[in-house]
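Written below as structure tokens is the structure these notes are about.
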């Protein structure tokens, strides 16, 4: 089989594959494409996923550069920086945070809705894939949540965080 035909079949597999992150073939294609995209400057590059990956890399670099230029000392006090990460409300109602990373996640109502949506997605995944594992992770630190007990009022978490600094 000619190499280009084989490559076309591999790329077709990657586009149609439902396992993506868990598929060894897809992982290798993505890794090679990422390596290429880091250095590619061609506007009309024919390498699959190159343009998409270059855009994502540029956004990541831009975000990282922005974070480097910002410092907590220059910004408003921490109490004024609190913002719901889900509805983007400036003053979250009954704010909840992750017990592991002690960061604000959002309003109590928004977090409950998000938690329920994830629960329904888990049920849907279990119904379609018998081996699917429920995924409940903190959206910020990605620590695994087995129960809702990994959430706490943000004010309590903030006080614990301040105590740990001392």
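The values are calculated or read from the model by the stated rules, or taken from the named source; none is laboratory data. For clarity, every value in this text was computed on a predicted model and none was experimentally measured. Using ideal geometry, Cβ is built from the backbone for each residue, glycine included, and neighbour counts are taken over all protein chains shown.
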Is there a residue in segment 145-159 that is surrounded by 15 or more Cβ atoms within 10 Å (Cβ to Cβ), at pLDDT below 80, outside any loop (DSSP other than H, G, I, E, B) and not assigned by TED's automatic domain parsing to the domain that holds residue 18? yes
Give me the pairs: first residue in segment 94-117 and farther than 11 Å from residue 141 by Cβ, second residue modelled with pLDDT under 85 and in a helix (DSSP H, G or I), beta-carbon distance under 6 Å, and six or more apart or on different chains, which are they? 96/111
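Just give me the residues in segment 27-51 being surrounded by 13 or more Cβ atoms within 10 Å (Cβ to Cβ) and assigned to a helix (DSSP H, G or I), in sequence order. Let's see the steps before the verdict.
Step one: filter segment 27-51 for residues surrounded by 13 or more Cβ atoms within 10 Å (Cβ to Cβ), giving 27, 29-30, 32-34, 36-37, 40, 45, 47-51.
Matches in segment 27-51: 27, 29, 30, 32, 33, 34, 36, 37, 50, 51.
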Being touching a helix residue (DSSP H, G or I) at 6+ places or on another chain (Cβ under 6 Å), modelled with pLDDT of 80 or more and outside any loop (DSSP other than H, G, I, E, B), is that true of even one residue in segment 101-110? yes
